[in-house]
Amino acid sequence: MNSPNLFSFSRSLQSGLRLKEAALQAARLARLTRLVEHAYKEVSYYRGLFDSVGFKPGQLRQLSDLRVIPVTTRERLQEIPRDELISRAVRSNRLHVSRTSGSTGTPVALYRTRQEGWLRQSLTLRTFFYNGLRWNDRVVTISRSPSGSSFRWFQKCRASPALWNIWFHEQPEAIIRELQRLQPTVIYGFASNLAIIADLMLRGGIDDVKPRLLATSSDLLTAGYRRLLARAFHSEPLGLYNCTELGDVAWECRRRQGLHVNADWLCVEVLRAGEPVGPGGTGEVVVTPLYRYAMPLIRYSPGDVATVAQEPCACGVTLPMLSQLEGRSQNVVPLPGGRYFAGFSEIMSHYPEIKRYQIVQTALDAFTVRIVPGHEFSPQVSRSIAQVMTERLGDRIRVEVSAVDESDLGARRKSATVIPLHPVDLGSAL
Ligand SMILES: [Zn+2]
């Protein structure tokens, strides 16, 4: 059994925005049934997990029946061998791997087919088109991918948005120059990274980057970031809630009354003590993407906390809403000369040899990286981390890497991954 085909998936997206409650539930149940059957048949981790609670796919009659399946956390996912998570029905050498940005200090590898990558991007495009993306837009993304013009083959077609990417580890000054040169009408990047750029633009009196649409992903778009970005870019930012494992989970529309959940292609539960919370309730987010078959994630908890909205959005989209998202760390640190840095989790995601880490800033120009070695760890890994950190942070910054026991870092969910010298709240003073 394969992931949905791109054509039927794309066709479902537009109508998915406005399905009535019953139709939405029915679509989700059909998609979930198919996924659960596949996972039980082809993925040994899920077969074992379902068997451990006596669950058989045939017992899934309504969406709430899903709740007998235990939740899988990011920490748990990291411990399971790759072969047990990947479907026997796919050839694993054809899969694309991406690693979580490790913002919780626990990097995880995710595998997907090229097709599933497209489905995931289609969901992102739905959000952007709904929020006003046009075919003649000049789009700049600031992401983990290398700098350059993207999808060149795609751009041979004249009626398509022009698309560039800027590597987010470029110096902020260089990113600003590139933005001034490209004059994008759409900018999409990480909230904390864009906030650092916005802060620098305001301080330098740079006022000529004015996208029509400004969207942020990954980390929380705080009230301070919103003010900062709006002032620097002359555009009210839109927040997307996504992560490497799950793709886009929810997104803001221009009314900014909360986040529309992509509930036609994801089952999103908000739980407290294992039970779903009602409107206005706050709890742990647990997600089942319904289009991923190569490495299914069923009842996966990325470690986020959200509040269920009290009422639907006035824009007319019928997808359920989250009113608030909490607890996603931004991990911004101050540097000498009034600079800031926000790229630690991305750097650490390149080291699968590390089980967990914590970065402590001991002075404005000094950091200690505490790592818990995992499989295949060697001293070379520590040297590499120190070297890459120094490259990104600047020559004069001292970086020390030390191996510690897991118990030294404290309980996973409670201990911070990055501890700055002092808290940074960019934009809070505006
Ligand atoms: Zn809306």
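The values are calculated or read from the model by the stated rules, or taken from the named source; none is laboratory data. What you see is a predicted model; the values in this text were computed from it and never measured. Because the Cβ atoms are built from the backbone with ideal geometry, glycine has one as well, and the counts that use them run over all protein chains shown.
One table, with the values for the structure above:
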{"read-out": "Flag if residue 222 is among the polar types (S, T, N, Q) and within 25 Å of residue 134 (Cα to Cα)", "value": "no"}
{"read-out": "Where residue 213 falls short, out of the listed (1) away from the ligand (no atom under 16 Å from the Cβ); (2) closer than 28 Å to residue 9 by Cβ", "value": "(1)"}
{"read-out": "Helices (runs of 4 or more DSSP H) contained entirely in the stretch 8-95, each with at least 3 residues that are hydrophobic (A, V, I, L, M, F, W, C)", "value": "21-42"}
{"read-out": "Selected residue (only one of 289, 302 is away from the ligand (no atom under 13 Å from the Cβ) and modelled with pLDDT under 95)", "value": "302"}
{"read-out": "Residue under evaluation residue 4, criteria (1) farther than 16 Å from residue 264 by Cβ; (2) surrounded by 15 or more Cβ atoms within 10 Å (Cβ to Cβ); (3) not small (Gly, Ala, Ser), criterion not met", "value": "(1)"}
{"read-out": "Scope the stretch 161-176; condition in contact (Cβ under 8 Å) with a residue 12 or more places away in the chain, in a loop (DSSP other than H, G, I, E, B) and closer than 16 Å to residue 190 by Cβ; matching residues", "value": "168, 169, 170"}
{"read-out": "Test: residue in the stretch 323-334 that is modelled with pLDDT of 90 or more and touching a helix residue (DSSP H, G or I) at 6+ places or on another chain (Cβ under 7 Å)", "value": "no"}
{"read-out": "Whichever residue in the stretch 180-195 is crowded, with 23+ Cβ neighbours inside 10 Å and part of a helix (DSSP H, G or I) and, among such residues, is nearest to the chain's Cα centre (by Cα)", "value": "191"}
{"read-out": "Boolean, residue 148 is touching a His at 6+ places or on another chain (Cβ under 7 Å), modelled with pLDDT under 95 and surrounded by fewer than 22 Cβ atoms within 10 Å (Cβ to Cβ)", "value": "no"}
{"read-out": "Unmet criterion (only one of (1) of a type outside the set (S, T, N, Q); (2) within 16 Å of the ligand (Cβ to nearest atom); (3) under 28 Å from residue 423 (Cα atoms)) for residue 202", "value": "(2)"}
{"read-out": "Residue match in the stretch 257-274 (condition: surrounded by fewer than 23 Cβ atoms within 10 Å (Cβ to Cβ), away from the ligand (no atom under 16 Å from the Cβ), in contact (Cβ under 8 Å) with a residue 12 or more places away in the chain and polar (S, T, N, Q))", "value": "no"}
{"read-out": "Cβ-Cβ under 6 Å pairs, at least 6 apart or on other chains, the stretch 394-423 side of a type in the set (Ser, Thr, Tyr), far side modelled with pLDDT under 85 and assigned to a loop (DSSP other than H, G, I, E, B)", "value": "417/105"}
{"read-out": "Qualifying residue in the stretch 237-256 (condition: more than 16 Å from the ligand (Cβ to nearest atom), closer than 30 Å to residue 33 by Cβ, modelled with pLDDT of 95 or more and not small (Gly, Ala, Ser))", "value": "no"}
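Per-residue answers, yes or no, for (1) among the polar types (S, T, N, Q); (2) touching a Leu at 6+ places or on another chain (Cβ under 9 Å):
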| position | (1), (2) |
| --- | --- |
| 295 | no, yes |
| 303 | no, no |
| 323 | yes, yes |
| 347 | no, no |
| 388 | no, no |
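Here is a yes/no grid of residues against (1) of a type outside the set (Gly, Ala, Ser); (2) surrounded by 18 or more Cβ atoms within 10 Å (Cβ to Cβ):
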| site | (1), (2) |
| --- | --- |
| 28 | yes, yes |
| 42 | yes, yes |
| 47 | yes, no |
| 52 | no, no |
| 63 | yes, no |
| 67 | yes, no |
| 75 | yes, no |
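For every residue, the table says whether it meets (1) surrounded by 15 or more Cβ atoms within 10 Å (Cβ to Cβ); (2) within 16 Å of the ligand (Cβ to nearest atom); (3) not basic (Lys, Arg).
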| residue | (1), (2), (3) |
| --- | --- |
| 318 | yes, yes, yes |
| 333 | yes, no, yes |
| 338 | no, no, yes |
| 342 | yes, no, yes |
| 352 | yes, no, yes |
| 360 | yes, no, yes |
